[in-house]
1. With the requirement that a residue be more than 22 Å from TYR350 (Cβ to Cβ), in contact (Cβ under 8 Å) with a residue 24 or more places away in the chain and open to solvent by 20 Å² or more (accessible area, probe 1.4 Å), what does region 382-407 give you?
2. From the list ALA327, ALA319, ALA371, pick out the single residue that is among the aliphatic types (A, V, I, L, M) and under 21 Å from GLY411 (Cα atoms).
3. Are any of the residues in region 328-336 in contact (Cβ under 8 Å) with a residue 12 or more places away in the chain, farther than 29 Å from ALA418 by Cβ, in a helix (DSSP H, G or I) and open to solvent by less than 20 Å² (accessible area, probe 1.4 Å)?
4. Looking at the structure I just gave you, is ALA470 at negative phi, in a helix (DSSP H, G or I) and open to solvent by less than 40 Å² (accessible area, probe 1.4 Å)?
5. Looking at region 408-431 only, could you name the residues that are over 26 Å from the mean Cα position of the chain (by Cα), open to solvent by 10 Å² or more (accessible area, probe 1.4 Å) and of a type in the set (Gly, Ala, Ser)?
6. Assess whether GLN285 counts as being buried (at least 17 other Cβ atoms within 10 Å of the Cβ), in contact with a Gly (Cβ under 9 Å, 6 or more places away or on another chain) and not β-branched (Val, Ile, Thr).
7. Quick check: anything in region 240-251 under 17 Å from ALA334 (Cβ atoms) and at pLDDT 95 or above?
8. Please work out if ARG362 is in contact (Cβ under 8 Å) with a residue 24 or more places away in the chain and crowded, with 16+ Cβ neighbours inside 10 Å.
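The values are calculated or read from the model by the stated rules, or taken from the named source; none is laboratory data. These numbers come from a predicted model, not from an experiment. FYI the Cβ positions are ideal-geometry reconstructions off the backbone, even for glycines, and counts take in every protein chain you see. Only protein heavy atoms, including side chains, enter the accessible area calculation; ligands, DNA and RNA are left aside. Shrake-Rupley method; radii C 1.70, N 1.55, O 1.52, S 1.80 Å.
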Amino acid sequence: MIRNWAMLIGSALLAAGQSHAQTAPSPPAQSEEPGDQDQLKVTGQRMPTAEAPRSSTCEVLARDPFLRASGMANRAYLPTRLTRSPDYSAPPSVPPGSPLPDLAKSRFGMRDVAGGDVATSFGPSALDDTAADGGTAASLDQNSLVSAIAACRGAYARGVGDTSASGGNTGFIAANSGDSEKGAPMASPEWRVGAANARYLQARSFIASRDQTLPMGFALFDQGRYGEALDWFRKAANKLQMREGGDEAALFVGKITLQGLGDKSDPVEGVKWLKKVATAPFNPQNETPMFDPRQPDRNTAVGEAAVILANVYSAGFGAVGKDPAEARKWYDRAGDVGHIPAMKRLGDIYFEGVDTPRDVARAVGYYKRAAKLDHPGAQVALADILWEGEDGVPQDRKAALGWYQAAARNGHAGALYALARAYDLGEEVKADPELAMGFYKTAALGGNAAAKVAMGTYFYEGKLVPRDLAIARKWFEAGAAGDDADGMFNLAAMLAKGEGGGKDVSKALALLRRAALQGHKTAPAPSPRSRKRRTSRSPQLSCPLTPTR
């Protein structure tokens, strides 16, 4: 059975007469790198771009008649976007003082959301085909769509109809009736409030849809013209309310002030702006961000501001001193506003005891929160603890296997490697060597170093695949490049004997030293005297391959 192997080096490379015991290797590092993924699709419609208005996801879902009738559409998640984290020390791509860039029409607040583009904002749909027949039912359904999309925009706008302040009442007046959404008769006080609210929301939508301060800030930021971008972001922060793009503007004022102005940066001022964003009102009913397990670092402005604050206080930055308790507070805030990786980070802090007493049970609590929301790294971290049990957390391998399977569905290489081991060794599942090899290969192609070593051993042994020492050596090289101690050890053995390629005893010795530093107990660093003796005669290599647990 294959899990990890270490070739035992004989007297040619180790001190004469020295005996060696096989030990279990260190667990592989978990990859947190997000994989490529097509855009998420809902009801046949591509989800909106990251810089679309906040109501965009709701509007896409509103196109589905069933979701619209059930009221589920207006509980849609907010769009998220990848963070902009450039190298601030790099020279700008366009010299400062150059003419202002042209603006794309799809950036923050630039799309016209106040006019008659409701039915065509996101392309054709089955509903549009039905409406084309001109039937009465289709006309009513089209009115329903117009009403639903307008309700989406009202739900995500700030002001009298702000759901965080009014318990969910948008005050929206249905387009196909003379009554307000609450059913109040026309000319009543409730109807007048609703009408005023609708006019206010329409005015705010008009302002936001034609704003060019925020798009200009991003255009200049992307050119590396941070000083100029800062001026535009400040204008946008003064003009736009939080749910109209003001949160993004204030975030970037904080980011640039924090570190984007070189020696003129002001971390204290930057932190003030970031706190303004991180503490903005948040309504989990309709402001919870979308989460993509294949791209876990995608975020919203509020979540990103909280994470930056946590990172600043974790290590200190300039005049802002290190404060671990404050860092944990802001990671907690990030998790509360829907940034799932912040929950995983808190789990890591308590599991590793970073600037706080180690608390595995508390770590498991954070891992479980993130794991239930489909964060692959948290699923693997939780499974690793449950697989063996630790510090008051009982062993539960069946549950651990379930979490590994959940993470593997999202392409997590560490989870795929764990499943490969389970099917290889027959732990909690029936042994299946061929399925195990498939998992090892997928994990290896996903970047898991230990899985690469496993693939090398398949080709070294010639089991399930034809024996091919050259391919085995390449896999061991890949594992060693990923800092896997067994990969270094096995590659050293092949280099010393000249298997699968040229012989290189000096490189083999260097690899042994690296493996020893990684904790590989069967690869002690040789002494200078033994090194001289070994290079004076042909090496004799003993390479039994045995599985380790």
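1. Within region 382-407, ARG397, LYS398 meet the criteria.
2. ALA371
3. Checked against the condition, which is being in contact (Cβ under 8 Å) with a residue 12 or more places away in the chain, farther than 29 Å from ALA418 by Cβ, in a helix (DSSP H, G or I) and open to solvent by less than 20 Å² (accessible area, probe 1.4 Å), region 328-336 yields at least one hit.
4. Judged against the criteria, ALA470 is not a match.
5. Those that are over 26 Å from the mean Cα position of the chain (by Cα), open to solvent by 10 Å² or more (accessible area, probe 1.4 Å) and of a type in the set (Gly, Ala, Ser): GLY426, ALA431.
6. no
7. Checking region 240-251: at least one residue is under 17 Å from ALA334 (Cβ atoms) and at pLDDT 95 or above.
8. Judged against the criteria, ARG362 is not a match.
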